[in-house]
Amino acid sequence: MLRHSLLQVLRAIASLAAFVIAITAGSSAAFADGDDTPFTNLIALSSQRLALAEPVARWKWLHHESITDQPREAALLASIDSRAKSAGIDPAFAQLFFRDQIEASKDVQNALFDNWRKSRGPEGTPPDLARDTRPKLDRVTNALLSALAGVEPLRHADDCPLRLADSIARWKHLTRYDSAQNAPLTRALSHVCASGGVGAVG
């Protein structure tokens, strides 16, 4: 039951995240004070990346691969550093943000592995990791870099943690987000604000 619930949540997040991204990605206009659309876009993309942790975990389980892939993580972070500079994003912020994405994804994968060990493994053949899932992750990475540029003007504001928390709460209501899955999303977004934390959580 827990495994089924988790998969349902991840798939619902992916579907709605794609919808939100479609409406927000085309806008290049400056955001007015009080407009938290950049936060919503970033939350949607982070949620979509977390949803992709499920097919990654299924492939690793089937192929008896470790969840942690240090060479790939290092390559991603090295790429992020140079691309952030080119996009005018603080490289230190980009590095911290994507480290959070990696760790949050591993949290989801570890939870899935634990569930499969306690009950039974996933059924069916997972999508090919190299040909299917990783290209999707790469596309989300590209979109996340653009989204980071969008939140840059907001992340230093004193009320950033509260505005981010409000945006997350609205997102969870919209997606009927399972409260049991709060921790990975909170971890993924924990350094969006320069002061750190989400809402009252430091």
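The values are calculated or read from the model by the stated rules, or taken from the named source; none is laboratory data. Since the model is a prediction, treat every value here as computed from it, not as a measurement. Here Cβ is always computed from backbone atoms with ideal geometry, including for glycine, and neighbour counts include all displayed protein chains.
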Item to complete: Go over the candidates Ile80, Ile67 one by one and state the one that is under 18 Å from the mean Cα position of the chain (by Cα), among the β-branched types (Val, Ile, Thr) and farther than 19 Å from Gly121 by Cα.
Response: Ile80
Discussion item. Pairs needed: first member in the range 57-68, within 17 Å of Asp132 (Cα to Cα); second member anywhere, not in a helix (DSSP H, G or I) and not aromatic (Phe, Trp, Tyr); C-beta distance under 7 Å; at least 6 residues apart or different chains.
Written reply: Arg58/Pro122; Arg58/Pro126; Trp59/Pro126; Lys60/Ile67; Trp61/Gly121; Trp61/Pro122; Leu62/Pro126
Worksheet item: Is there a residue being more than 23 Å from Ala169 (Cβ to Cβ), modelled with pLDDT of 95 or more and under 18 Å from the mean Cα position of the chain (by Cα) anywhere in the range 29-48?
Response: no
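I'd like the full set of residues that are aliphatic (A, V, I, L, M) and either loosely packed, with under 14 Cβ neighbours inside 10 Å or in contact with a Ser or Thr (Cβ under 7 Å, 6 or more places away or on another chain) (or both), limited to the range 71-86. Working first, answer last.
Initially, the range 71-86 is screened for residues aliphatic (A, V, I, L, M), giving 74-78, 80, 84.
Once the filter is applied, which keeps residues that are aliphatic (A, V, I, L, M) and either loosely packed, with under 14 Cβ neighbours inside 10 Å or in contact with a Ser or Thr (Cβ under 7 Å, 6 or more places away or on another chain) (or both), the range 71-86 yields Ala74, Ala75, Ala78.
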Item to complete: Look at Pro153 and say whether it is within 14 Å of Ala51 (Cβ to Cβ), touching a residue at least 24 places away in the same chain (Cβ under 8 Å) and either part of a loop (DSSP other than H, G, I, E, B) or in contact with a Pro (Cβ under 6 Å, 6 or more places away or on another chain) (or both).
Response: no
Worksheet item: Taking the range 172-202 as the search range and keeping residues that are of a type in the set (S, T, N, Q) and at pLDDT 85 or above, which one is surrounded by the fewest Cβ atoms within 10 Å (Cβ to Cβ)?
Response: Ser195
Item to complete: Kindly indicate whether any position in the range 73-94 is touching a residue at least 24 places away in the same chain (Cβ under 8 Å), closer than 26 Å to Trp171 by Cα, not in a loop (DSSP other than H, G, I, E, B) and not β-branched (Val, Ile, Thr).
Response: yes
